[in-house]
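Heads up, the thing below is written out as structure tokens.
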Amino acid sequence: MIFASNILLAILWSLLIGPFTPYNLLAGFFISMLALAVCSNPGRAYAMRFWAIAALLLFLTKELVKANIRVAYYTVSSLKTLHPAILAVPLEPLTDPEITLLANLITLTPGTLTLDVSADKRQMFVHFMHVDDPSEAVQEIKSGFERRIMEATR
């Protein structure tokens, strides 16, 4: 309902402010989101979730670029320098869709591959192409993708 209100206010803004252009529509979207966040608690939650999803997408983009550069480096370096590992990543209590999203984002990032999730859904087993410090690799997933997924979905 809030999203529909946001879209309706954005269209209204674009019609009233001047020519109906994508730029005016986008500006209206953000202005109406701000207005909804100021005027109501559900609007505030909607705006916070929108920004959490945007932050997750930005983080994913950054991680994809970093991972591609790392994999390119590993490809041209000697195989003796690689230290592949399969690590158990402990999971916070996540819903099935959140676990699926986390597994897909890990697999999408070059150099990592989600292998399995334990039956009790408390651990995810991830193959890393190269690991210097296992606890640091696990912490990167927990403080990176897992935390941002929880912020975006809750």
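The values are calculated or read from the model by the stated rules, or taken from the named source; none is laboratory data. Here the structure is a predicted model, which is why all the values come from computation and not from measurement. Cβ placement follows ideal geometry from the backbone for every residue including glycine, while neighbour counts extend to all protein chains displayed.
In the stretch 52-73, the condition of being at pLDDT below 85 and either assigned to a helix (DSSP H, G or I) or not assigned by TED's automatic domain parsing to the domain that holds Phe128 (or both) is met by no residue. The lone criterion from (1) farther than 21 Å from Ala72 by Cβ; (2) surrounded by fewer than 16 Cβ atoms within 10 Å (Cβ to Cβ) left unmet by Ile149 is number (2).
Residue count for the stretch 29-39 under the criterion of being small (Gly, Ala, Ser) and touching a residue at least 24 places away in the same chain (Cβ under 8 Å): the result is 2.
Could you look through the stretch 1-42, keep only residues that are part of a loop (DSSP other than H, G, I, E, B) and among the hydrophobic types (A, V, I, L, M, F, W, C), and pick out the one that is surrounded by the fewest Cβ atoms within 10 Å (Cβ to Cβ)? Per the stated criteria, the residue is Met1.
The requirement of being within 22 Å of Gly144 (Cα to Cα), modelled with pLDDT of 85 or more and in contact with a His (Cβ under 8 Å, 6 or more places away or on another chain) is satisfied by Leu113.
So which residues in the stretch 20-37 are within 13 Å of Asn6 (Cα to Cα) and among the β-branched types (Val, Ile, Thr), if there are any at all? Residue satisfying the conditions is Ile31 alone.
Give the residues of the stretch 106-154 that are in contact (Cβ under 8 Å) with a residue 40 or more places away in the chain and β-branched (Val, Ile, Thr), sorted by residue number. Selection gives Thr109, Thr112, Val126, Val131, Val138, Ile141, Ile149, Thr153.
Residues in the stretch 23-34 include none that are of a type in the set (A, V, I, L, M, F, W, C), within 21 Å of the chain's Cα centre (by Cα) and within 30 Å of His127 (Cβ to Cβ).
Considering each residue of the stretch 87-97 in turn, none proves to be closer than 30 Å to Leu9 by Cα, of a type in the set (Gly, Ala, Ser), surrounded by 12 or more Cβ atoms within 10 Å (Cβ to Cβ) and more than 20 Å from the chain's Cα centre (by Cα). Selection of the stretch 46-80 for residues being touching a helix residue (DSSP H, G or I) at 6+ places or on another chain (Cβ under 9 Å), loosely packed, with under 14 Cβ neighbours inside 10 Å and in contact (Cβ under 8 Å) with a residue 12 or more places away in the chain yields only Ala55. The residues in the stretch 113-130 that are of a type in the set (Val, Ile, Thr) and touching a Leu at 6+ places or on another chain (Cβ under 7 Å) can be counted, and the count is 1.
Each row is one residue, and each column tells you yes or no for (1) of a type in the set (S, T, N, Q); (2) on the phi < 0 side of the Ramachandran plot; (3) touching a helix residue (DSSP H, G or I) at 6+ places or on another chain (Cβ under 9 Å).
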site	(1), (2), (3)
Thr109	yes, yes, yes
Ala119	no, yes, no
His127	no, yes, no
His130	no, yes, yes
